[in-house]
Every structure is written in structure tokens, then in C-alpha cells.
Amino acid sequence: MRRCGRGRCDGGCRAAREAVGRPYRHRKPTHIARSHARGRHAYRRGRSFNHSSALLALSVLTDSAMEHYRGSFANPAMFAPLVSATLSFAAGLHGGADRRPETHTVRHAIYLTAAMAGVAGMAFHFYNITKRSGGWSWNNLFHAVPVGAPIALLLSGALGAVAEQLRNELAHDPQLLGMPAGKVLALLVVAGSRAPSARQR
């Protein structure tokens, strides 16, 4: 077998060394590759939740604008869902186009505010029903203010907050409230799907 001398190398010997060394020189450790794959997957999920939040916010904005216009905005609080839904919609569009893998502080604050506005809206609608003649009755549930309408704003804020949370959890499986994010979101969607039935008039 021909040996390589100092300063010169047989072509076949050099090619053999490169062929043997190439797969190991450029290969990343398996755990790093898997971590990066999970990170990219969570990041894409985050952007999809931003889009979902924007869609819900647009529906809340349209519905609230029409219904509260019919009520002549008798209570100044009727402007709150319009403002919150508009900001949540803008945050959703911005987040869907944002490719940075970290939480945006302003977007996160907007989403949390929208969720709180949804909770406040539910409380206000419950109060509106209880003060009507007959109190809790089927007639008031179907013909008074819709109890389930503010839930859509709550869901918009919740999905947006989840989107921002996923951006911060690129290196491990995302967790929400100490549970896997998928299970929490499934429970959230099931609860939100009850809103349309509660909203029928």
C-alpha cells in the first residue's frame, strides 16, 4: 500500500480520507437536531394562533359594532369590545407576519387585555339579564343580551396569549397551566364552541 509523504498525498488517499470524514464533520448531534425541529414546529404553531386570534377578533368587532349600534351605545362600556377587538385584530395580523421567535411585549399585553375585556363583558351581560323582569328565564336568555357573545373576545385574547407563549418555548414541549398545551387548547376550544348555542336568539 502506498503511504502519504510529507507535503504530498496520493489522490486516492486524499479522496478516501474526505469520503470517510465528510459525514461526521457536518453531522449535528441528534438531540440538537430534534430540539431545533421542535422549536421550528412550535414557532409555526405560534404564528397560526396569531392568525386565529385575528379572525376571532374581526368577528367580534363586526358583531359588537352592529349590536351595540342597535343599542345606540347607551352605555359607554359598549365601546370597550370594539376597542379591544380592533387592537387584538391588529396584534394578530402583526404576530402572523412576525418571524421573530420571541414574545412581543405589546402584543402580549393587548391579548391579555382583550381576554379580560371578554370576562368583563360576560359579567355585564349576566347582570343585564338578572335585572330584567323575570330574571333568569328562557325568554330573557334568548331575547336579552347574548351571554355567549363576549366569549369570542375572551378566546381571541386567549389564543393570542398562547401564540406569544409558544414563541418563548422553542427548546421544549410547550406547557400551559402546567399541562401540555394541546390538552389546554382542546379544553378551551370545547368551552368556546358552546358560545354559539348560548348566543342564539
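I need the helices (runs of 4 or more DSSP H) fully contained in region 1-112, keeping only those with at least 2 residues that are within 16 Å of the chain's Cα centre (by Cα) and either at pLDDT 90 or above or surrounded by 13 or more Cβ atoms within 10 Å (Cβ to Cβ) (or both). Talk me through it step by step, then tell me what you get.
Details: elements: 11-25, 30-70, 80-97.
So the answer is 30-70, 80-97.
When the residues of region 130-149 are narrowed to those that are of a type in the set (S, T, N, Q) and not in a loop (DSSP other than H, G, I, E, B), which ends up nearest to Leu56 (Cα to Cα)?
Pass one, region 130-149, residues of a type in the set (S, T, N, Q): 130, 133, 137, 139-140.
Retained after the next criterion (residues that are not in a loop (DSSP other than H, G, I, E, B)): 130, 139-140.
Numbers: Thr130: 28, Asn139: 28, Asn140: 26 Å.
Once the filter is applied, the top-ranked residue is Asn140.
Which numbered condition trips up Pro146, out of (1) surrounded by 17 or more Cβ atoms within 10 Å (Cβ to Cβ); (2) modelled with pLDDT of 80 or more?
(2)
Are there any pairs, at least 6 apart or on different chains, whose C-beta atoms fall under 8 Å, with the first in region 123-146 and farther than 18 Å from His68 by Cβ and the second basic (Lys, Arg) and modelled with pLDDT of 75 or more, and if so, which?
Asn140/Arg132
The values are calculated or read from the model by the stated rules, or taken from the named source; none is laboratory data. Note that the coordinates shown come from a computational prediction; the quantities given were computed from them, not determined experimentally. Using ideal geometry, Cβ is built from the backbone for each residue, glycine included, and neighbour counts are taken over all protein chains shown.
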